[in-house]
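The values are calculated or read from the model by the stated rules, or taken from the named source; none is laboratory data. Note that the structure is predicted; figures quoted are calculated from it, not measured. Using ideal geometry, Cβ is built from the backbone for each residue, glycine included, and neighbour counts are taken over all protein chains shown.
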Amino acid sequence: MMNLFLIGYRCSGKTTVGKSIAKNLGWAFIDADAILVDACEKSIKDIIATDGWEYFRRIERSTLKRICAANRQVVATGGGVVLEAANIEAMKTSGRIVWLVATAATIRKRMRSDQNSEDFRPALTQKGTLAEIELLLAERSPYYERASEFLIDTDGIPVPEIAHRILQKLNWANADKLR
């Protein structure tokens, strides 16, 4: 069983980079949050507002388990998927894990330009955007680090170059086609 899981904070590039890698490998691209939202027929923001974080994390865990049962996929995970050890174990058993990193300023800029970000994703704290991002990056970085084989910086680097670097580090075929 071989899949590639991209982890990292929201708007770190998981979906964009994941689509590029999947296309070049000839694999399926999976957006774990999109599958969860389709199954629940409501946004993550609405799921959390009506059912709470515990329920959301339970649905996220079961969605990931279904995703891990398939093969040859590049998976963009939800930003908090690494908060549960069972999720990390499922991903490690089913494939390889790469952490995409961006600065808080870059993430905030990307969130502001992402039309769906506010409707689709809830605020995670009461601190406001940049302070929230900085706080959560600090809290989650140890989880991302423990879960991943390596990290790739996405700040100011073109998507094809990021994809190339990931495939090169994984020592997978097609890395040279991405440049």
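If you check residue 65 against the conditions, is it closer than 18 Å to residue 171 by Cα and basic (Lys, Arg)? Judged against the criteria, residue 65 is not a match. Among the residues here, residue 45 qualifies as touching a helix residue (DSSP H, G or I) at 6+ places or on another chain (Cβ under 7 Å) and surrounded by fewer than 20 Cβ atoms within 10 Å (Cβ to Cβ). Applying the set (1) surrounded by fewer than 18 Cβ atoms within 10 Å (Cβ to Cβ); (2) closer than 17 Å to residue 30 by Cβ; (3) modelled with pLDDT under 95 to residue 66 leaves exactly one unmet item: (3).
Scanning the stretch 86-107 for residues that are at pLDDT 95 or above, farther than 22 Å from residue 168 by Cβ and either part of a strand (DSSP E or B) or under 14 Å from the mean Cα position of the chain (by Cα) (or both) yields 87, 88.
Among the residues making up the stretch 132-152, those that are assigned to a helix (DSSP H, G or I), within 13 Å of the chain's Cα centre (by Cα) and either under 13 Å from residue 5 (Cβ atoms) or aliphatic (A, V, I, L, M) (or both) are 144, 147.
From the set of residues in the stretch 76-105 that are of a type in the set (S, T, N, Q) and surrounded by fewer than 19 Cβ atoms within 10 Å (Cβ to Cβ), which is nearest to residue 156 (Cα to Cα)? Talk me through it step by step, then tell me what you get.
If we filter the stretch 76-105 for residues that are of a type in the set (S, T, N, Q), which is where we start, we get 77, 87, 93-94, 103.
This time we only want the ones that are surrounded by fewer than 19 Cβ atoms within 10 Å (Cβ to Cβ), so: 93, 103.
Numbers: 93: 32, 103: 10 Å.
The selected residue is 103.
If the condition is being in contact with a Ser or Thr (Cβ under 7 Å, 6 or more places away or on another chain) and either more than 20 Å from residue 53 (Cβ to Cβ) or modelled with pLDDT of 55 or more (or both), then the stretch 108-135 contributes 108, 111, 132, 135.
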